[in-house]
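S.K.: I am attaching a structure below and will ask some questions about it afterwards.
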Amino acid sequence: MSYDPSNIFAKILNGELPCHKVHEDEVALVMMDIFPQSKGHTLVIPKAPSRNLVDADPAVLSTVMPLVQRVARAVVAATGADGIRLAQFNEAPAGQTVFHLHFHLIPAYDGVALGAHATGRADDAELAMLAKAIATKL
Ligand code: AMP
């Protein structure tokens, strides 16, 4: 399957749609997931177009993974999470809903079950606060 440049993350990357931005550089955009599975659920979105991991350029992966690690550390520091899950889905049967490569960083808290994937919309004021708090720790 080929990359569709009208996907929602492409529109966020080119500024057509808004986001709660944590960080942006030449490699990737980091933003809050607006349907979070837990408080602080953050997405790292490489700018280079690919549907997912399978068609991604290995050179892009090698530059983005250090950023994924940096963001994981910042999310834990900002939220006080007890753990953090890295998730990444490839094609619809595997759970992918947006067909532009992205990495989920999902904080986990002792005794709190993770929410369902892509369901409840979070409060914008809370997302804005979290984006700022995570950016401060980057
Ligand atoms: P995936 O199922 O791996 O493709 O994940 C897509 C993720 O994007 C889900 O966790 C959604 O909650 C999230 N999402 C969808 N639309 C937006 C949006 N406009 N801004 C931020 N996150 C979004």
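The values are calculated or read from the model by the stated rules, or taken from the named source; none is laboratory data. If you're wondering where the values come from, they're calculated on a predicted model, not measured in any experiment. Glycine gets a Cβ as well: all are built from the backbone with ideal geometry, and neighbour counts include every protein chain shown. For accessibility, only protein heavy atoms count, side chains too; no ligands or nucleic acids. Shrake-Rupley method; radii C 1.70, N 1.55, O 1.52, S 1.80 Å.
S.K.: Condition (residue is of a type in the set (D, E, K, R) and at pLDDT below 95) applied to the range 86-101: is it met by at least one residue?
M.R.: no
Each row is one residue, and each column tells you yes or no for (1) part of a loop (DSSP other than H, G, I, E, B); (2) within 16 Å of the ligand (Cβ to nearest atom).
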| site | (1), (2) |
| --- | --- |
| I34 | yes, yes |
| V60 | no, no |
| I84 | no, yes |
| I106 | no, yes |
| R121 | yes, yes |
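S.K.: Further, regarding this structure: Counting only residues that are assigned to a helix (DSSP H, G or I) and of a type in the set (D, E), which one in the range 123-135 is farthest from R70 (Cα to Cα)? Outline the logic, then answer.
M.R.: Within the range 123-135, the subset assigned to a helix (DSSP H, G or I) is 124-135.
Checking which are of a type in the set (D, E) leaves us with 124, 126.
Values: D124: 24, E126: 22 Å.
Residue satisfying both the conditions and the ranking: D124.
S.K.: Filter the range 14-32 down to the residues that are in contact with a Leu (Cβ under 7 Å, 6 or more places away or on another chain), free of Cβ contacts under 8 Å to residues at least 40 places away in the same chain and more than 11 Å from the ligand (Cβ to nearest atom) and list them by number.
M.R.: Answer for the range 14-32, where residues must be in contact with a Leu (Cβ under 7 Å, 6 or more places away or on another chain), free of Cβ contacts under 8 Å to residues at least 40 places away in the same chain and more than 11 Å from the ligand (Cβ to nearest atom): just A28.
S.K.: Out of all the residues in the range 37-55, which are open to solvent by less than 60 Å² (accessible area, probe 1.4 Å), within 14 Å of the ligand (Cβ to nearest atom) and closer than 16 Å to F9 by Cβ? Give the derivation first.
M.R.: Let us first name the residues in the range 37-55 that are open to solvent by less than 60 Å² (accessible area, probe 1.4 Å), namely 37-38, 40-46, 48, 50-52.
Within this subset, residues satisfying the condition of being within 14 Å of the ligand (Cβ to nearest atom) are 37-38, 40-46, 50-52.
Answer for the range 37-55, where residues must be open to solvent by less than 60 Å² (accessible area, probe 1.4 Å), within 14 Å of the ligand (Cβ to nearest atom) and closer than 16 Å to F9 by Cβ: H41, T42, L43, V44, I45, P46, S50, R51, N52.
S.K.: Report yes if D110 is modelled with pLDDT of 95 or more, away from the ligand (no atom under 16 Å from the Cβ) and touching a strand residue (DSSP E or B) at 6+ places or on another chain (Cβ under 8 Å), otherwise no.
M.R.: Details: modelled with pLDDT of 95 or more: yes; away from the ligand (no atom under 16 Å from the Cβ): yes; touching a strand residue (DSSP E or B) at 6+ places or on another chain (Cβ under 8 Å): no.
No.
S.K.: If you don't mind, there's one more thing I want to ask. Would you confirm, using the coordinates I've provided, whether A10 is open to solvent by less than 50 Å² (accessible area, probe 1.4 Å) and out of contact with any strand residue (DSSP E or B) (no Cβ under 6 Å at 6 or more places or on another chain)? Before the answer, list the steps.
M.R.: Numbers: open to solvent by less than 50 Å² (accessible area, probe 1.4 Å): yes; out of contact with any strand residue (DSSP E or B) (no Cβ under 6 Å at 6 or more places or on another chain): yes.
Against the criterion (open to solvent by less than 50 Å² (accessible area, probe 1.4 Å) and out of contact with any strand residue (DSSP E or B) (no Cβ under 6 Å at 6 or more places or on another chain)), A10 qualifies.
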